[in-house]
1. Being part of a helix (DSSP H, G or I) and of a type in the set (Lys, Arg): is that true of residue 256 here?
2. Report, by residue number, each residue of region 67-89 that is farther than 11 Å from residue 41 by Cβ and within 21 Å of the chain's Cα centre (by Cα).
3. Which one of these does residue 98 not meet: (1) within 30 Å of residue 12 (Cβ to Cβ); (2) exposed (fewer than 14 other Cβ atoms within 10 Å of the Cβ); (3) of a type outside the set (Val, Ile, Thr)?
4. Return a yes/no flag: does region 259-267 have any residue that is among the charged types (D, E, K, R), assigned by TED's automatic domain parsing to the domain that holds residue 172, modelled with pLDDT of 95 or more and part of a helix (DSSP H, G or I).
5. Give the residue, chosen from 269, 247, that is touching a residue at least 12 places away in the same chain (Cβ under 8 Å) and under 10 Å from the mean Cα position of the chain (by Cα).
6. So which residues in region 64-93 are surrounded by 14 or more Cβ atoms within 10 Å (Cβ to Cβ) and free of Cβ contacts under 8 Å to residues at least 40 places away in the same chain, if there are any at all?
7. Only one of (1) part of a helix (DSSP H, G or I); (2) more than 25 Å from residue 33 (Cβ to Cβ); (3) of a type in the set (Asp, Glu) is not met by residue 274, so which one is it?
Amino acid sequence: MGVKDLHRKPFDDGTNCKLDIFETYTQEWLPVPIMSKYFKACCIYDLFAGPGYDLSNKKGSPIRILSQILLQSQNILNTQTKVGLWFNEADKAKYNLLVENCNKFVELEPQLKQLKELNLLKIKYSQSRFEDIFDSQILPALQKCPSLLFLDQNGIKHLNKFEKLVGIKHLDFLYFVSSSYYARFGETKQFKDVLDVDMDNLRALNYKDIHEIITGELRGHIPSYSDMKIYPFSIKKDQNIFGIVFGSSNTLGVDKFLRTTWNINPINGTANFDIEDDTQKVQLDIFEGKRLTKIEKFQEELKQNILNANITDNEQAYLFTLSKGHIPVHANDSIKQLKAQELITYEGRTPAVNYDNVYKKHHLVAYKLINK
């Protein structure tokens, strides 16, 4: 099985979608450790970094990361938080371009140059194979401070490192996986050694769900002691399905990732295409009637849990919402409907299903059933 070189031609729509998610989540993640009173340093690791730009001069992940640090430069100065970057690229030609492009970008931006001179921004470059540095250098470094890890591998061969990540505190990661390869090669020893997928189950399900299936298999490898939660985002490229596996043990990290993906696709939040055929569900089915969209199914499930008293307040509703891969606005709309229908009551104007109310303000809102 050959490995495709993504930098031989301009980035396609799927690659751009992946990079948009990487950059947007970086933008969401960076202010948290920078503005935290508990940490004075944070790090970002991009271990398959590439040269920095594609052939049409579109920004790759390293330059996008630097662009987001530039936006946070004043906050970094104010808090004196040290930001470390580790860019790794095994290919010699790409590595040379990576160093040249990143250094040039920093030199042309006075704020970044100042951060570097003040030792508030440190960039480490390495030209190593991933397997040569991950266990010995990367894993120990990830445990020193809040870290964001990009694993933009082309293929699946490093997926077996997943279990070493899930026990690390203060780590968020975005793991790009060529999931559709499992449909063709999943029964080979090469693939089984990485992740032994139930091929009968895989074949019985829809091919477009393959990345969610792989994510489900990975979820089963998270040990009981870990608080890590993982979520998929599927990316369609021609006839293949690839995707991102996001992981975080931090509730705010999960919230920010789900907001990122639902902004990219407000229909389903889990793919760059209509993975559940929701756009067709606006029409009545001659046999089934109106079919529920992904959001509608979630909202009905949430309502039933509230009416059955399984969910009795905004904290429980918030955690349930995240566990189902949805965002607070979906829950708030649903709970407001229950109040408008005089099925429940709660104090205040809003159901208060969001991170700030639950964890920052500790504002508990109880949902009380109305007995008619």
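1. yes
2. 67, 68, 69, 71, 72, 85, 86, 87, 88
3. (2)
4. So far as region 259-267 goes, yes, one or more of its residues are among the charged types (D, E, K, R), assigned by TED's automatic domain parsing to the domain that holds residue 172, modelled with pLDDT of 95 or more and part of a helix (DSSP H, G or I).
5. From the options 269, 247, the qualifying one is 247.
6. Residue satisfying the conditions is 91 alone.
7. (1)
Every residue, every condition in (1) over 23 Å from the mean Cα position of the chain (by Cα); (2) assigned to a helix (DSSP H, G or I), yes or no:
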position	(1), (2)
311	yes, no
317	no, yes
326	no, no
329	no, yes
336	yes, yes
342	yes, no
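The values are calculated or read from the model by the stated rules, or taken from the named source; none is laboratory data. Since the structure is predicted, the reported quantities are computational estimates derived from the model, not experimental observations. Note: ideal-geometry Cβ built from the backbone for every residue, glycine included; neighbour counts use all protein chains shown.
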